[in-house]
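The values are calculated or read from the model by the stated rules, or taken from the named source; none is laboratory data. Note that this is a predicted model, so its numbers are computed, not measured. Positions of Cβ are backbone-derived with ideal geometry, glycine not excepted, and every protein chain shown enters the neighbour counts. Just the protein is used for accessible areas: all its heavy atoms, side chains included, with ligands, DNA and RNA removed. Shrake-Rupley method; radii C 1.70, N 1.55, O 1.52, S 1.80 Å.
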Amino acid sequence: MKRALITGITGQDGSFLAEFLLEQGYEVFGLVRRESWYRPNNASHLADKVHILFGDMSEGIDISSALQDAKPDEIYNLASQSRPGESWARAPETLMINGMGAIRLFEGVRHACPKARVYHASSSEMFGRTNIIPQNEDTPFNPANPYAAAKVYAHQMVRIYRESYGLFISSGILFNHESERRPLHFVTQKIAYGAACAKLGVLNSLDLNECGHPIVSEGKLALGNLEISRDWGYAVDFVKAMWLMLQQEQPDDFVVGTGELHTLRQLCQFAYEHVGLGWQDHVVSDPALVRPLETSQTLADASKARHVLNWQPTVTFEQMVGKMVDAQIVRIELQLRDRK
Ligand code: NAP
């Protein structure tokens with residue numbers, strides 16, 4: 001039985017990946033911060049199926065112990081301070097986890113299990129302010145925030161460790177991917193939540209936004225610039241690409257994305273249509289929420305992943321939005337029931 005260690009198993013991708021690897025017959029280990037495991041998280045339902053190893057990516061000793069305990073054949077390094085916007089306020093911590101954490105892991109692999117295959121989570125944010133559209137593995141990076149800069153550092157170290165020490169480390173340059181497990185502070189999930197509130201007739205939502213106000217207030221969901229467009233895919237499809245990268249003969253870097261652009265306006269349209277409503281009656285664009293764009297148009301050219309990994313997305317944008325809205329309806333119904 002193959003053994004896999006996942007850092008960031010409580011996150012969106014980590015939890016879907018754990019499910020996928022269990023289905024493939026792997027013995028799965030997860031490196032988790034102790035305080036995170038004891039509150040409800042995306043992997044709570046897997047508690048009796050995976051081995052949890054407590055540790056923090058900012059502690060080299062925790063990483064070494066996890067490698068020694070798990071003795072992994074495959075390692076998926078997904079742990080990250082994963083909010084680009086928040087990385088401005090948490091720049092040193094972001095570099096510590098997303099940059100140094102990765103290097104500590106590669107060092108640990110070099111000494112403890114040099115035969116293990118490693119997947120590292122890079123990001124399309126690394127392209128930042130680029131003029132080249134679409135982006136592929138050869139597109140130069142131009143990071144525009146501390147999150148992206150830390151990801152570029154770790155990404156370059158993947159190549160350096162691969163070439164210098166002969167380690168099998170592959171980097172996935174993943175474009176935005178969403179799901180019902182995205183936290184509520186992401187705009188995609190806010191829209192799904194807004195549509196669910198509208199469907200259930202919730203005029204003032206129980207969940208609050210970053211300013212401490214109901215996400216839906218007096219029946220309206222306030223958003224910033226609705227013309228922003230992104231290449232959004234479904235997370236379950238993307239974790240399969242991670243696994244495929246480690247099944248190749250050689251380690252390499254791969255761009256993973258759908259190659260399709262959608263605007264926030266379309267996302268609103270699909271979300272509210274899914275519950276039989278018109279989005280214009282429920283969404284307002286608030287100029288106060290319009291933020292200057294950090295990144296240029298990011299659109300994946302994932303032809304290498306399609307040809308080499310034989311990977312392609314299976315869930316359409318519209319289907320993904322529908323799944324997210326349905327999950328929010330179930331969640332809000334439970335919340336309302338609990339409050340009675
Ligand atoms: P996520 O849901 O935010 O999960 C991040 C995970 O990292 C959580 O399990 C979190 O654990 C863990 N973590 C954070 N700091 C840690 C630390 N100091 N020590 C140990 N664990 C720590 O992120 P995701 O969406 O699944 O993304 C997975 C990876 O892909 C991340 O590296 C992200 O940057 C990258 N990525 C994501 C996207 C996307 O669109 N989702 C796109 C490109 C790249 P806690 O439960 O303790 O917080």
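When you scan region 139-153, do you find a residue that is away from the ligand (no atom under 13 Å from the Cβ), farther than 14 Å from Asn77 by Cα and either crowded, with 24+ Cβ neighbours inside 10 Å or among the β-branched types (Val, Ile, Thr) (or both), even just one?
yes
Pick from region 171-186 the residues that are surrounded by fewer than 22 Cβ atoms within 10 Å (Cβ to Cβ) and touching a strand residue (DSSP E or B) at 6+ places or on another chain (Cβ under 8 Å): which of them is farthest from Leu78 (Cα to Cα)? Even if it seems obvious, please write down each step before you answer.
Applying the first criterion (surrounded by fewer than 22 Cβ atoms within 10 Å (Cβ to Cβ)) to region 171-186 yields 176, 180-186.
Pick out the ones that are also touching a strand residue (DSSP E or B) at 6+ places or on another chain (Cβ under 8 Å) and you get 176, 186.
Numbers: Asn176: 14, Phe186: 18 Å.
By that ranking, first place goes to Phe186.
Among the residues of region 22-37, count how many are exposed (fewer than 10 other Cβ atoms within 10 Å of the Cβ) and either over 22 Å from Lys240 (Cβ atoms) or touching a strand residue (DSSP E or B) at 6+ places or on another chain (Cβ under 6 Å) (or both). Step through it out loud before you land on a result.
The first filter runs over region 22-37 and keeps only residues exposed (fewer than 10 other Cβ atoms within 10 Å of the Cβ), leaving 23, 25, 35.
Now drop any that are not either over 22 Å from Lys240 (Cβ atoms) or touching a strand residue (DSSP E or B) at 6+ places or on another chain (Cβ under 6 Å) (or both), which leaves 35.
Qualifying residue count for the region: 1.
So which of Ala47, Ala18, Ala43 ends up being within 11 Å of the ligand (Cβ to nearest atom), among the aliphatic types (A, V, I, L, M) and farther than 17 Å from Val118 by Cβ? Give the steps one after another, and end with the answer.
Details: Ala47 fails: within 11 Å of the ligand (Cβ to nearest atom); Ala18 fails: farther than 17 Å from Val118 by Cβ.
None of the others qualify; the one that does is Ala43.
Just to be sure I understand, how many residues within region 208-228 are surrounded by 14 or more Cβ atoms within 10 Å (Cβ to Cβ), free of Cβ contacts under 8 Å to residues at least 60 places away in the same chain and not in a strand (DSSP E or B)?
Number of matching residues: 3.
Tell me, please, whether a residue that is farther than 16 Å from Glu318 by Cβ, within 16 Å of the ligand (Cβ to nearest atom) and open to solvent by 40 Å² or more (accessible area, probe 1.4 Å) can be found in region 190-207.
Within region 190-207, none of the residues are farther than 16 Å from Glu318 by Cβ, within 16 Å of the ligand (Cβ to nearest atom) and open to solvent by 40 Å² or more (accessible area, probe 1.4 Å).
This table checks each residue for (1) free of Cβ contacts under 8 Å to residues at least 24 places away in the same chain; (2) hydrophobic (A, V, I, L, M, F, W, C).
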{"position": "Pro40", "(1), (2)": "yes, no"}
{"position": "Phe54", "(1), (2)": "yes, yes"}
{"position": "Ser64", "(1), (2)": "no, no"}
{"position": "Asp73", "(1), (2)": "no, no"}
{"position": "Gln81", "(1), (2)": "no, no"}
{"position": "Ala89", "(1), (2)": "yes, yes"}
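So is Arg129 open to solvent by 40 Å² or more (accessible area, probe 1.4 Å), more than 15 Å from the ligand (Cβ to nearest atom) and either of a type in the set (D, E, K, R) or not in a helix (DSSP H, G or I) (or both) or not? Outline the logic, then answer.
Working: open to solvent by 40 Å² or more (accessible area, probe 1.4 Å): yes; more than 15 Å from the ligand (Cβ to nearest atom): yes; either of a type in the set (D, E, K, R) or not in a helix (DSSP H, G or I) (or both): yes.
In short, yes.
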